[in-house]
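The structure appears right after this line, and notes come after that.
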Amino acid sequence: MKPAPKLAVIILALPIAASAAPANSKPLPLWEAGVLGGVASTPAYPGAADRSTRGLLLPFLIYRGKVFRADQSGIGARLVKREAVELDVGLAASLPARSDDVAARSGMPNLGTLLEFGPRLKVRIAEPSASSRIRLDIPLRAVIEARAGVRTQGFTFEPKVVYEMRSADGLWTFDANAGVVIGDKKVNRYFYEVQPQYATSARPAYQSDAGLMLTRVGASASRMINEDVRVFGFMRLESYASAANEDSPLMKKKSGASAGVAFAWTLGRSTRLAGD
């Protein structure tokens with residue numbers, strides 16, 4: 001695996017490892033390190049008929065600093081934290097797709113590793129119980145492609161509602177979320193435009209538009225086996241109906257699903273505890 005895709009896998013894996021940490025009122029270590037392994041299956045890109053299934057076994061690091069954090073919320077810098085409002089700068093990633101492996105894109109350029117970076121506002125909406133909460137996440141991210149260099153590929157806006165809960169003993173955690181992904185013209189062009197030189201009888205030329213890319217619902221759960229070993233599973237469903245580019249010849253399906261399972265084995269942790 002090339003360095004850029006490996007980096008993307010680590011970025012995607014860190015929240016999996018951290019989300020399985022016990023969600024209780026006890027202070028957590030400032031950092032934890034260990035090994036994470038798992039397998040996930042996703043569409044090759046939003047609307048693709050072909051799928052990408054990947055396994056991984058990689059080191060992970062969780063860091064719970066007051067500003068820089070790599071935890072269940074992802075990797076980024078927390079700029080503002082109030083009782084009900086938090087503003088941070090986050091990083092997300094998606095893995096590449098080779099056009100040779102995706103029939104609809106045969107002969108077209110490969111899709112590279114995408115890194116998404118930008119501000120995210122998190123607003124607590126309610127706390128139905130002492131062990132659950134509902135919040136609104138409002139991220140705006142620049143999309144950066146890492147393939148034969150680095151280049152920008154537009155912006156995405158992904159507002160979503162998140163419900164989180166934990167068991168009374170802190171061994172189980174669960175979250176569910178629902179939201180939409182909206183992209184500017186450039187990022188939609190990256191996925192769905194067919195330039196004349198790549199047009200065929202089965203894939204006519206197509207000019208993309210800005211707008212809705214997908215509607216998404218998802219859920220995940222984790223179980224702490226012991227102090228050092230945690231297991232995690234997730235499922236995500238996406239609908240591309242009413243997407244701005246649903247008429248693109250590269251949009252092969254009206255819906256898609258992703259799922260995965262993973263484990264996190266903590267090999268070391270700090271004696272110093274994380275500050276709030």
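Annotations for the structure displayed:
- Test set (1) hydroxyl-bearing (Ser, Thr, Tyr); (2) modelled with pLDDT of 85 or more; (3) surrounded by fewer than 17 Cβ atoms within 10 Å (Cβ to Cβ) - residue 53 fails condition number: (2)
- Counted residues, segment 143-166 - those being in a loop (DSSP other than H, G, I, E, B) and closer than 18 Å to residue 119 by Cα: 2
- From 234, 263, residue being hydrophobic (A, V, I, L, M, F, W, C), closer than 27 Å to residue 101 by Cα and surrounded by 13 or more Cβ atoms within 10 Å (Cβ to Cβ): 234
- Residues that are closer than 18 Å to residue 263 by Cα and either modelled with pLDDT of 85 or more or of a type outside the set (A, V, I, L, M, F, W, C) (or both) do not occur anywhere in segment 95-116.
- Subset tally (residues that are within 23 Å of residue 186 (Cβ to Cβ), without any contact (Cβ under 8 Å) to a residue 40 or more places away in the chain and over 17 Å from the mean Cα position of the chain (by Cα)) for segment 107-150: 5
- Residues of segment 154-174 satisfying the condition of being within 11 Å of residue 132 (Cβ to Cβ) and open to solvent by 40 Å² or more (accessible area, probe 1.4 Å): 163, 164, 165, 166, 174
- Selection within segment 214-231 - crowded, with 17+ Cβ neighbours inside 10 Å and β-branched (Val, Ile, Thr): 215
- Residue identified as within 26 Å of residue 235 (Cβ to Cβ) and open to solvent by 60 Å² or more (accessible area, probe 1.4 Å) among 133, 147, 120, 151: 133
The values are calculated or read from the model by the stated rules, or taken from the named source; none is laboratory data. Computed from a predicted structure; not experimentally measured. Virtual Cβ from ideal backbone geometry, glycine too; neighbours counted across all protein chains shown. Quick note on the areas: whole protein, heavy atoms, side chains included, nothing else; ligands and nucleic acids left out. Shrake-Rupley method; radii C 1.70, N 1.55, O 1.52, S 1.80 Å.
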